[in-house]
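One structure is given here, and the rest of the page talks about it.
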Amino acid sequence: MRGCDNMCTYCIVPFTRGRERSRPVSSILREVEQLSEKGVKEVTLLGQNVNSYRLPKKGGLRFADLLNRVAAVNPEMRIRFTSPHPKDFPDEVVEVIRQHSNVCKNLHMPAQSGNSVVLERMRRGYTREAYLELVRSIRLKLPDVALSSDFICGFCGETDEEFEDTLSLMEEVRYNQAYLFAYSMRERTTAHRRFKDDVPPDVKQRRCLKRNKI
Ligand code: SF4
C-alpha cells in the first residue's frame, strides 16, 4: 500500500505520498506467485501502515486476510511485513502470524516516544501504557517474537524527564533492535505550523548517546 492517512505531527509522508491506497490483493498474489516460481525465498509486504490495508470493494478485506493468502502461496517462502502501526494492531494479524510458520516472528513496531504527553503532541494515537499492553499481549501469543522499533529524541518541547521515559520504555520492552533519531523539523508538517523546534542540537545529540547505556 502507499500513502498514509495518519498525520503524525512530525511527519511529511502524508504530504509527499498522499492518502492511503491499498494495492489489489489479486495483483499482490500474482506477483508473489511469480516470485515463488523464480525461486525467491523471502518477500516483504510494505506500507506506511500495513494495518490500515483495506479493500472496500472486496467486502472490506483487511491486512490479516491478505497476509493469510500471501503466506499460503508457498509455505517454504518467508514472509515479512513492515510497518504495523501500534495504534491499531489487530489480534487477527497476530493469529495469522501464529498459524503460519513461514511468517517471520519479527515485528517492527515504531513507538517514537515512551512518554504519553509527547506521544499526544506527536499525534500517535496511543499512550505508553497502551503500547506496553500491546507488547505484553503479542508476547503472550508469540513468545519467540523479535521486536524492533524507531524512536525520535528531542521532539518539540521534549524535556529530559520525558526523554527518560523513552529510555525506560526501551529497557522495559528489551527490543532486539531499536533506532533512535534526533528530531529534525520538516516544513509543511503540523509540528512546523504549531510547535517550536526548541530542543537544542547538542541536547538532542546527548540524548541520542544516552541510548548506548541500554
Ligand atoms: S509516521 Fe508513519 S503513521 Fe505517522 S504520518 Fe508518517 S507515515 Fe503515517
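Once backbone amide H atoms are built at 1.01 Å from N, Tyr179 has Ser149, Asp150, Phe151 as its partners under 5 Å, excluding neighbours fewer than 5 places away on the same chain. Note on Asp202 and Asn102: the model spin-label points, each 7 Å out from Cα along the C-beta direction, lie 5.6 nm apart. For helix 128-141, what angle does its Cα long axis make with the longest principal axis of the chain, in degrees from 0 to 90 and rounded to 10? The helix 128-141 is inclined about 30 degrees to the chain.
Placing +1 on the Cβ of every Lys and Arg and -1 on the Cβ of every Asp and Glu, with no other charges, gives the chain a dipole of roughly 700 debye about its Cα centre.
Compared with the alpha-carbon gap, the fully stretched path from Glu42 to Arg174 is longer by 44.9 nm at 0.36 nm per residue.
For trypsin sites (Lys or Arg not before Pro), the sites in the stretch 1-76 that DSSP calls loop and that have at most 11 other Cβ atoms within 10 Å are Arg19, Lys38, Lys41.
Counting only alpha carbon atoms, the long axis of helix 160-173 and the longest principal axis of the chain meet at about 30°.
With distances taken between every two different alpha-carbon atoms, the stretch 1-82 has a Kirkwood hydrodynamic radius of 13.6 Å.
Can you give me the angle between helix 25-37 and the longest principal axis of the chain, using Cα atoms only, in degrees from 0 to 90, rounded to the nearest 10? It works out to around 70 degrees. Taking 0.36 nm per residue of separation and subtracting the Cα-Cα distance, full extension of the segment from Arg23 to Met7 would add 3.7 nm. With loop membership from DSSP and a limit of 13 other Cβ atoms within 10 Å, the longest segment of the chain without GluC sites (Glu not before Pro) is 77-186.
Bear in mind these aren't lab numbers, they're just calculated from the coordinates by the rules spelled out. Computed from a predicted structure; not experimentally measured. All Cβ positions, even for glycine, are placed from backbone atoms using ideal geometry, and neighbour counts span all protein chains on display.
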